[in-house]
Amino acid sequence: MAGNVSITLQNTDEGRAIINAISADNADATVNIYPSMTKIDCPDRLVVRRESIENQMGRSFDLQELQLSLISLAGNVDEDDDEFILAWNR
């Protein structure tokens, strides 16, 4: 399976910081903002970087905190302490 992967996050203060970090790190991403959530689609692969989120928030961030803002995702997840990657396995 190939195509777009996606992540949908709540439009909270923390969610917006994560969205800004994802947008900055994924040039091919399409950001769709709705009243209570934001859906980000990206062809093939999307990377969420801890360091980028920390820069947006101005504080330390554990990638496990992403779960607090997450609504849904599409793609296979590969994560470690520094990156959360969505991609379709080929």
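Details
- Accessible surface computed residue by residue for the chain, with neighbouring protein chains in place and a 1.4 Å probe, gives 57 Å² per residue.
- Descending by average beta-carbon neighbour count within 10 Å, the peptides 15-23, 45-53 line up as 15-23, 45-53, the highest first.
- Taking only the alpha carbons of the chain, we obtain Rg and Dmax values of 12.0, 37 Å in that order.
- Integer Hz, Karplus 6.51/-1.76/1.60 couplings in order for the stretch 57-73, x for Gly and Pro: 8, x, 8, 5, 9, 8, 4, 5, 5, 4, 4, 6, 9, 6, 9, 7, 8
- Approximate spin-label separation Ala24-Leu70, in nm, with each point projected 7 Å along Cα-to-Cβ: 2.2 nm
- On the stretch 1-81, 44 percent of the accessible area sits on carbon and sulfur atoms, based on a 1.4 Å probe.
- Here the contact order of the chain, divided by its residue count and restricted to Cα pairs under 8 Å and six or more residues apart, works out to 38 percent.
The values are calculated or read from the model by the stated rules, or taken from the named source; none is laboratory data. Worth saying up front: this structure is predicted, and the values here are computed from it rather than measured. Don't worry about glycine lacking a Cβ; one is built from the backbone with ideal geometry, like all the others, and counts go over all protein chains shown. Ligands, DNA and RNA are stripped out before the accessible areas are found, and what is left, the full protein with its side chains, is counted by its heavy atoms. Shrake-Rupley method; radii C 1.70, N 1.55, O 1.52, S 1.80 Å.
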